[in-house]
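The values are calculated or read from the model by the stated rules, or taken from the named source; none is laboratory data. Quick caveat: nothing in here was measured; it's all calculated off a predicted structure. Virtual Cβ from ideal backbone geometry, glycine too; neighbours counted across all protein chains shown. Please note that ligands, DNA and RNA were not included when accessible areas were found on the heavy atoms of the full protein model with its side chains. Shrake-Rupley method; radii C 1.70, N 1.55, O 1.52, S 1.80 Å.
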Amino acid sequence: SQTSDHGLLCVNNEYVSFNVMFDDLPDDGEGGAKMTAEQVALCNAAIGHSIVEIRRENGQWRIVQDSPLNRRITMDTPMAISGPVAGHDWMKTSADPEGRMARGTNYNCGGGVTPWGTVLTCEEGAADTFGGDPAKSPHAAVLERYGYDGSDYYGRARFDDRFNVEKEPNEPNRFDWVIEIDPYDATSTPIKRTALGRMAHEASTVVRNKDGRIVVYMGDDDYF
């Protein structure tokens, strides 16, 4: 992507508005309680990250429709867990007993491009996307710290036990990370870089320092 008229457009798809997705739903928390399983699945597919090859021809930008690089990264995309918490007991679930492969990404807000050509997308939280009673989770103190209230805003817990903190208590720990994506390889697996910490990530800007070290500037967009 060294030219000004041909490259890849990488876009975060942070959340959905129910009334935009479906004509008969309100744009508030009641939408998640009213959605069908099919509607919840559609919302999960709409959240995440998009990679689109684009080209400017005759002064107009156009999508390269059949590009092998075009892809969507969603709530169902497999993701490798790297860094200090990979394999930790708190990352292990019934679907991933080794705690090294997460499924999906959520509330992708901000991001950045690395000096080596990959893209970072940032998870800005997951607190309102889980159901169940956080007080009954073995991680109750941690869930309270991260603002989990069991509201299940997108209705996921009604159809998928992994979004119920009582039935799958470690699943919330697999969100709130920075994810690295190789946009030039559509077969590559996104990686959750846990060394960059767990928080309500708001962008990750990367530079190579004069002494060769890599520096990442991040923001925590949670309350206070």
> Counting Lys and Arg as +1 and Asp and Glu as -1, each charge on the Cβ, what is the dipole of the chain about the Cα centre in debye, to the nearest 20?
Replying inline: 860
>> Given Cβ point charges of +1 (Lys, Arg) and -1 (Asp, Glu) and nothing else, what value in debye, to the nearest 20, does the dipole of the stretch 152-224 about its Cα centre take?
In response: 280
> When the dipole is taken about the Cα centre of the stretch 56-96, and only Lys, Arg (+1) and Asp, Glu (-1) are charged at their Cβ, what size is it in debye, to the nearest 20?
Replying inline: 200
>> Taking amide H atoms as placed 1.01 Å from N in the peptide plane, list the residues 5 or more away in sequence, or in a different chain, whose amide H sits under 5 Å from that of residue 222.
In response: 200
> Which whole-Hz ³J(HN,Hα) couplings does the stretch 81-98 yield from phi under the Karplus relation 6.51 cos²θ - 1.76 cosθ + 1.60, θ = phi - 60°, glycine and proline marked x?
Replying inline: 9, 10, x, x, 9, 4, x, 5, 4, 6, 9, 8, 10, 4, 7, 9, x, 8
> Between the stretch 81-128 and the stretch 35-64, what is the C-alpha centre distance in whole Å?
Replying inline: 21
> In what sequence, largest accessible area first, do 224, 163 appear using a 1.4 Å probe?
Replying inline: 224, 163
> Which value does Rg/Rh take for the stretch 1-159 over its C-alpha atoms, Rh per Kirkwood?
Replying inline: 1.02
> For 10, 109, what's the largest-to-smallest order of accessible area, 1.4 Å probe?
Replying inline: 10, 109
> What ³J(HN,Hα) values, in whole Hz, does the Karplus curve 6.51 cos²θ - 1.76 cosθ + 1.60 give for the stretch 60-75 when θ = phi - 60°, with x put for Gly and Pro?
Replying inline: 10, 7, 9, 7, 7, 4, 9, 5, x, 8, 5, 6, 10, 10, 10, 5
> Picking from 66, 96, 176, which is most flexible by a Gaussian network model of the chain using Cα springs under 10 Å?
Replying inline: 66
> If the label point is 7 Å along Cα→Cβ of residue 69, which residues in the stretch 169-189 have backbone nitrogen under 11 Å from it?
Replying inline: 183-186
> Longest exposed-loop-site-free stretch of the chain, with trypsin sites (Lys or Arg not before Pro), DSSP loop and at most 11 other Cβ within 10 Å?
Replying inline: 1-209
> Carbon and sulfur together cover what percent of the accessible area of the chain at a 1.4 Å probe radius?
Replying inline: 50
> Out of 45, 195, 203, any idea which swings most in a Gaussian network model of the chain, alpha carbons joined below 10 Å?
Replying inline: 195
